[in-house]
């Protein structure tokens, strides 16, 4: 959690310094966002034990960069760091240590996607991202691999170039794994959240 706060403060201060000036032509934007509200269960495809991995809580900080293309499209780039806690129910499992426990893991992600501006104030976005495992209490929870995201957003830009935005989103993690595990037999993080952010348009 301390890592999240430190990264958030550093990115916001950097953005504030950059935002002292503004330009008339719009070429793109840089932004920082925080997510602390959402739903983050682990799901095993083609399995009857999905209910054993329950959503608990998570925090995420992200840096985002958009580059204007044409016809209301923008390229989305950036990176994010997230810390997840899940509640694992082993009551009906054979062997091991039965019971209920909270377990954690953290992820560093690099996304690439497309944004379509519906209007000056609203947009939709979708793309892919690659996860790198930072920390995990068990190998089972590792999410390194390729995932998919989709979201919608509302934004407001001031004359200075500074703006704010809110963006509900869904992320499906590690749909294509980096190792030899079968995708259908490994828990996948299914993350739904709401990003709150500060941006600078240049």
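Scoring residue 117 on the criteria (1) closer than 22 Å to residue 193 by Cβ; (2) exposed (fewer than 14 other Cβ atoms within 10 Å of the Cβ) leaves a single failure, condition (2). Against the numbered list (1) buried (at least 16 other Cβ atoms within 10 Å of the Cβ); (2) assigned to a strand (DSSP E or B); (3) at pLDDT below 95, residue 135 comes up short only at (1). Can you spot a residue in the range 48-70 that is in a loop (DSSP other than H, G, I, E, B), modelled with pLDDT under 95, under 24 Å from residue 142 (Cα atoms) and out of contact with any strand residue (DSSP E or B) (no Cβ under 8 Å at 6 or more places or on another chain)? Scanning the range 48-70, I find at least one residue that is in a loop (DSSP other than H, G, I, E, B), modelled with pLDDT under 95, under 24 Å from residue 142 (Cα atoms) and out of contact with any strand residue (DSSP E or B) (no Cβ under 8 Å at 6 or more places or on another chain), so the answer is yes. Look at the range 33-56: where a residue is on the phi > 0 side of the Ramachandran plot and surrounded by fewer than 20 Cβ atoms within 10 Å (Cβ to Cβ), no partner that is assigned to a loop (DSSP other than H, G, I, E, B) and at pLDDT 90 or above sits 6+ places away or on another chain with Cβ atoms under 8 Å. Every condition in (1) at pLDDT 95 or above; (2) within 22 Å of residue 63 (Cα to Cα) is met by residue 120 except one, and the failing one is (1). Quick one: residue 83 ticks every box in (1) in a strand (DSSP E or B); (2) in contact with a helix residue (DSSP H, G or I) (Cβ under 8 Å, 6 or more places away or on another chain); (3) at pLDDT below 95 except a single one, so which number is it? Against the list (1) in a strand (DSSP E or B); (2) in contact with a helix residue (DSSP H, G or I) (Cβ under 8 Å, 6 or more places away or on another chain); (3) at pLDDT below 95, residue 83 comes up short only on (3). Going by the conditions given, is residue 101 on the phi < 0 side of the Ramachandran plot, in a strand (DSSP E or B), surrounded by fewer than 18 Cβ atoms within 10 Å (Cβ to Cβ) and at pLDDT below 90? Taking the combined requirement at face value, the residue satisfies it. Contact annotation: residue pairs with Cβ atoms under 6 Å, 6 or more positions apart or on different chains, pairing a residue in the range 163-183 that is assigned to a loop (DSSP other than H, G, I, E, B) with a partner that is modelled with pLDDT under 95, are 178/144; 178/145.
The values are calculated or read from the model by the stated rules, or taken from the named source; none is laboratory data. Remember, it's a predicted structure, so these values are computed and weren't measured experimentally. Cβ sites come from the backbone with ideal geometry, for glycine too, and all protein chains shown count toward neighbours.
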